[in-house]
């Protein structure tokens, strides 16, 4: 019975979370601040960072029990985070209805930074979201992630094109 109750709670959260909730929880000013943090951080490394927020999954995907990690992998492909020169793109994916945070790293970034560090960033961001500190949690994660990427992929004055948009995607 507890499994069924959990499934019903998840279904309800996905049915009742929408873009209005996204604007209330995160807001335009937070998106602006996250965009600025991504832009500023990318000046120090050759990797690419992308942030994506999704209010909720479509009903059919919730009924099929789609996991946030699986959806994050889809978004990683759809936003072409994998399509960077150095194969070092990183996606921070946030599914608001589940308060789930997933970090997906392309091949080079995944080899350079241990999974435990990705997991710690995701846990920290989730903890901030649980306190309704969406702006602070996202910006802190972006700053910390940029520091990891700068250590692994320093800019060193090399040509450093901005290959992906810095503005968070709202799906």
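Just so it is clear, none of the values below were taken in a lab; they were calculated from the coordinates. Treat the numbers as computed from the prediction; the structure is a model and nothing was measured. Please note: Cβ atoms are built from the backbone with ideal geometry, for glycine as well, and neighbour counts cover all protein chains shown.
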Notebook entry, point to check: Is it possible to state the helix-based mean residue ellipticity at 222 nm for the chain, with each DSSP H run of 4+ residues giving -39500 (n - 2.57), the sum divided by total residues, to the nearest 500 deg cm²/dmol? What is it?
Noted result: -17000 deg cm²/dmol
Next item on the list: Could I have the simple spin-label model distance between residue 133 and residue 29, label points 7 Å from Cα toward Cβ, reported in nm to one decimal?
Entry: 1.7 nm
Item checked: Within the stretch 1-37: backbone nitrogen closer than 13 Å to the residue 59 label point (7 Å, Cα to C-beta) -> 11-12, 14-16
Next item on the list: Please give, to one decimal in nm, the separation of the simple spin-label points placed at residue 11 and residue 159, each 7 Å out from Cα toward the Cβ.
Entry: 5.4 nm
Next item on the list: Kindly rank 108-117, 75-84, 94-103 from highest to lowest mean number of other beta carbons found within 10 Å of each residue.
Entry: 94-103, 75-84, 108-117
Check: To the nearest 10 degrees, how steep is helix 115-130 against the longest Cα principal axis of the chain, on a 0 to 90 scale?
Finding: 50 degrees
Note to self: I'd like the antiparallel share, as a percent to the nearest 5, of DSSP beta bridges with both residues in the chain.
What the structure shows: 45 percent
